[in-house]
Number of protein chains: 2
Amino acid sequence: MTNLEQAPTATDSGRWRESAVDAALALCRERAFHEFDISDIAARAGVDVETLHSRWPDRKLLVAEALLGSVAPRMTFGATGDLSVDLRAQLAATIEVFADPHIGPHLVALTAEASRDQRLAGFFLKHVFGPNRAAARARFELAQEQGQLRTDLDLNTAVDMVFGPIWFRLLLNTGPLTVDLADSLTEHALRGLAPRPETGAPSGSSPA
Amino acid sequence: MTNLEQAPTATDSGRWRESAVDAALALCRERAFHEFDISDIAARAGVDVETLHSRWPDRKLLVAEALLGSVAPRMTFGATGDLSVDLRAQLAATIEVFADPHIGPHLVALTAEASRDQRLAGFFLKHVFGPNRAAARARFELAQEQGQLRTDLDLNTAVDMVFGPIWFRLLLNTGPLTVDLADSLTEHALRGLAPRPETGAPSGSSPA
């Protein structure tokens, strides 16, 4: 090369972060969680491991951030004016992510790792569970203002009652994660499990 | 010793299995899950590791079986005739187990291990999640017969809607596991999150 300056590289330009995230996602599509390490990401991204470590303390946090960035755009809680529509859509979007073979198993592995890794657990609470709970609470509060939810709810209980079951099935493999679960959970949660007396015309037996 | 026969030992008598289970539970009370191994259990039980391996393939299965045996007697789903009473009691009993510092963290560690261990995952499905689901479904079916639950429920959805949230909080540390959650989940699940029109007198705004 005649030019004394080196040609731009991913590292010089700052685009190396994006390359690393893309490489992590590509590896998530190709391999199981425990089948690649940070040097595989570095090689795929064309950066060195030290550079990756300047931004991410370890591979787990890099993969967690990459996966989160890839799914976050699909996870906006809608506000169409009808909570049952928006709740069903949000559950269906989450179930779709969980059921994605390139995402779900990595989420299971990462949350399992988080049980022994305070930093990773902190990442999930700060960037996943905290924001998810806040978004769901905000949507539920709007529904309360619009008369679509009872005003005497414990919102944390209400949120966990609809989103807890899909994490339960994902993490412990206790049942199928199919989109019809979104319909079923929405209907069961909003309407309740007990018989509901219709105005002026109780349906079926009354509770004792 | 003048007698040619050896004195009975734990191993000879068959009581070694019980000793091993007791030793595993004692270690669960004293140490974190990853702070003891099968040789610690063997030493505490007064048996050798090979003997333990003749019954349990590895330490994880031994600890899982020991913990299950210790909590199972506390986990019988009651049938007092009032589902709300029995569901609340079952949730409270489970929450109490989860919140026990000698049990909850070990359950978290074991289920995390199960994400990478098919045999352990199989143990949990066969001996924990399967029987728990069957017991809850049976109790819910009885409540349907007694007019205390809707007859058009998807029972798996209904069961996961009440028990999923407490696993969600246990495994991902997403919220407090206190006994008032048992009351709150029972009330929210049975009554539903949407406003319930009372017979002949709708309370609050109707859903749009």
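Odds and ends about this structure:
- Of A:ASP22, B:ASP117, the order by accessible heavy-atom surface (1.4 Å probe, DNA, RNA and ligands excluded), from most exposed downward, is A:ASP22, B:ASP117.
- 5 angstrom amide H check on B:LEU193, placed H, neighbours 5+ away: A:LEU190, A:ARG191, A:GLY192
- Residue-averaged beta-carbon neighbours from other chains (10 angstrom radius) around A:142-155: 4
- Kirkwood-type radius of the stretch B:110-180, with distances r between different C-alpha atoms, in Å: 13.9
- In chain A, the beta carbon lying closest to the axis that superposes A onto B belongs to the residue given here with its whole-angstrom distance, A:GLY192, 1.
- Accessible surface, the protein assembly as shown, averaged per residue in Å² (probe 1.4 Å): 47
- Added length on full extension, which subtracts the Cα-Cα distance from 0.36 nm per residue, B:THR151 to B:ARG119: 7.9 nm
- Extension gain, B:ASP48 to B:HIS102: 0.36 nm times the residue separation minus the Cα-Cα distance gives 17.0 nm.
- Relative contact order computed over chain A (Cα-Cα under 8 Å; 6+ residues apart), in percent: 18
- Karplus (6.51, -1.76, 1.60) ³J(HN,Hα), θ = phi - 60°, over the stretch A:52-66, in Hz, Gly and Pro reported as x: 4, 5, 5, 10, 10, x, 7, 4, 4, 5, 5, 5, 4, 5, 5
- Counting only aspartates and glutamates at least 8 places from B:LYS126 when in the same chain, those with an alpha carbon closer than 12 Å to its own are B:GLU65.
- Chain B packed on chain A takes about 4800 Å² of accessible surface away from a 1.4 Å probe, both sides summed.
- Degrees separating the helix A:130-145 axis from the principal Cα axis of chain A, which is the longest one: 30
- Heavy-atom accessible area order for B:ARG44, B:ARG15, A:ARG137, largest first, 1.4 Å probe: B:ARG15, B:ARG44, A:ARG137
- Pair-distance distribution P(r) for chain B, from all Cα-Cα distances in 10 Å bins starting at 0: 7, 28, 28, 18, 11, 5, 3, 1, 0, 0 percent.
- Sorted largest first, extent of the protein assembly as shown alpha carbons per principal axis (Å): 97, 75, 28
- Taking the label point 7 Å along Cα→Cβ, A:GLY46 and its counterparts in the other copies are spaced 6.9 nm apart, in ascending order.
- What separates the A:PRO101 label point from its copies, with the point 7 Å along Cα to Cβ, is 4.5 nm, written shortest first.
- Other-copy label distances relative to A:ALA89, 7 angstrom Cα-Cβ extension, nm: 4.5
The values are calculated or read from the model by the stated rules, or taken from the named source; none is laboratory data. A quick note: this is a predicted structure, and the numbers were derived from the prediction, not measured. No Cβ is skipped: glycine too gets one built from the backbone with ideal geometry, and neighbour counts run over all protein chains shown. Ligands, DNA and RNA are stripped out before the accessible areas are found, and what is left, the full protein with its side chains, is counted by its heavy atoms. Shrake-Rupley method; radii C 1.70, N 1.55, O 1.52, S 1.80 Å.
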